[in-house]
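One structure is given here, and the rest of the page talks about it.
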Amino acid sequence: MAIPDFQSIMLPLLNLAADGKEHRYRDAVEKLADGFDLAEDERKALLPSGVDKIFSNRVGWAKTFLTKAALIDSIRRGFFRITNRGRDVLRQKPKRVDMKFLSQFPEYKEFRAIKNRKAKVAGKAVEDSEVETPEERLESAHQNLRASLANELLLQLKASPPALFEKIVVELLVKMGYGGSRKDAGEAIGKSGDEGIDGIIKEDRLGLDIIYIQAKRWKDAVGRAEIQKFVGALDGKHANKGIFITTAEFHDSAREYVKTISKKIVLIDGEDLTQFMIDNGIGVTPVASFEVKKIDLDYFVGE
């Protein structure tokens, strides 16, 4: 099944604590994953940042909201237990416990009121997502901004003159650790231009191996025939490694072809190219930076 949203986890989490015993948070995550019959890939699925697991993050927020409503209590580091109010709620046998259900409790209402007041001071409306945790909403917004930036970058690349495109490729590959110095790479790329080879670059700073490059600022998709020509050019150089970079896309036939040959050919399409540029700060500049913090439980542990 799909990974449940954090509000759907609230009642199962409360039921898990119904025995009145202390429960370790990490153990609860595993038990809930079993209860939801999550597959291994669903248990390990990460947020876009790759920092936290989606399901664990959602369990954490379910626990937070239940705690704010005084249905469970965090008794010590990493452990929680149901409260008397939590037991009373379970006696009612609710079909679902969610943010709307929790709004009947004064502690939760005060928690939401504080959040709403802070949002109004900041001039923003508060929206309660049915499925996303605060981290997920933040990361979704980040991914949307990144996708928009990548699209703008690609438009700029397609409109750039060949010389500028070559310069961008040089700077990117050097920033990624190839080519030794920028001067070395700049002298290599765009200089040979023969036999289907647009340039060469060192695989590492010591120049232990050479990678041949073809960079095409195209609009039409690149097919298998173009890759075969590139491979033929590599044969002429007795080379085994190459990078084919384009502002366009690659046909499936081209991608399948590189899987069947002995040479190591890396295909970088327009989407990959813009993502590499963003990651390496090529052609983009920072506008704002946000640091997300969480409580350091180790700090509050006594000697």
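The values are calculated or read from the model by the stated rules, or taken from the named source; none is laboratory data. Since the model is a prediction, treat every value here as computed from it, not as a measurement. All Cβ positions, even for glycine, are placed from backbone atoms using ideal geometry, and neighbour counts span all protein chains on display. These accessible areas exclude ligands, DNA and RNA; they are computed on the full protein's heavy atoms, side chains included. Shrake-Rupley method; radii C 1.70, N 1.55, O 1.52, S 1.80 Å.
Per-structure values
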{"item": "Check on residue 243, out of contact with any Lys or Arg (no Cβ under 6 Å at 6 or more places or on another chain), in a strand (DSSP E or B) and more than 13 Å from residue 154 (Cα to Cα)", "result": "yes"}
{"item": "Hits in region 5-20 - residues which are assigned to a loop (DSSP other than H, G, I, E, B) and open to solvent by less than 10 Å² (accessible area, probe 1.4 Å)", "result": "17"}
{"item": "Residue match in region 144-167 (condition: surrounded by 11 or more Cβ atoms within 10 Å (Cβ to Cβ), at pLDDT 80 or above and within 21 Å of residue 55 (Cα to Cα))", "result": "no"}
{"item": "Any chance residue 132 is within 29 Å of residue 49 (Cα to Cα), outside any loop (DSSP other than H, G, I, E, B) and either under 31 Å from the mean Cα position of the chain (by Cα) or at pLDDT 60 or above (or both)", "result": "no"}
{"item": "Residue 287 being over 24 Å from residue 158 (Cβ atoms), hydrophobic (A, V, I, L, M, F, W, C), open to solvent by 80 Å² or more (accessible area, probe 1.4 Å) and out of contact with any strand residue (DSSP E or B) (no Cβ under 9 Å at 6 or more places or on another chain)", "result": "no"}
{"item": "Any hit, region 90-97, residues being in contact (Cβ under 8 Å) with a residue 12 or more places away in the chain and part of a helix (DSSP H, G or I)", "result": "yes"}
{"item": "Top-ranked residue of region 40-75 - restricted to ones that are open to solvent by 60 Å² or more (accessible area, probe 1.4 Å) and charged (D, E, K, R), ranked as nearest to residue 294 (Cα to Cα)", "result": "53"}
{"item": "Top-ranked residue in region 245-272 [being of a type in the set (Lys, Arg) and touching a residue at least 12 places away in the same chain (Cβ under 8 Å); ranked as least open to solvent (accessible area, probe 1.4 Å)]", "result": "263"}
{"item": "Members of region 47-84 found to be part of a strand (DSSP E or B) and among the hydrophobic types (A, V, I, L, M, F, W, C), listed by number", "result": "72, 75, 79, 80, 82"}
{"item": "Residue count for region 1-17, restricted to those that are touching a strand residue (DSSP E or B) at 6+ places or on another chain (Cβ under 8 Å) and over 16 Å from residue 95 (Cβ atoms)", "result": "2"}
{"item": "Residue match in region 224-244 (condition: surrounded by fewer than 16 Cβ atoms within 10 Å (Cβ to Cβ), touching a residue at least 24 places away in the same chain (Cβ under 8 Å) and hydrophobic (A, V, I, L, M, F, W, C))", "result": "no"}
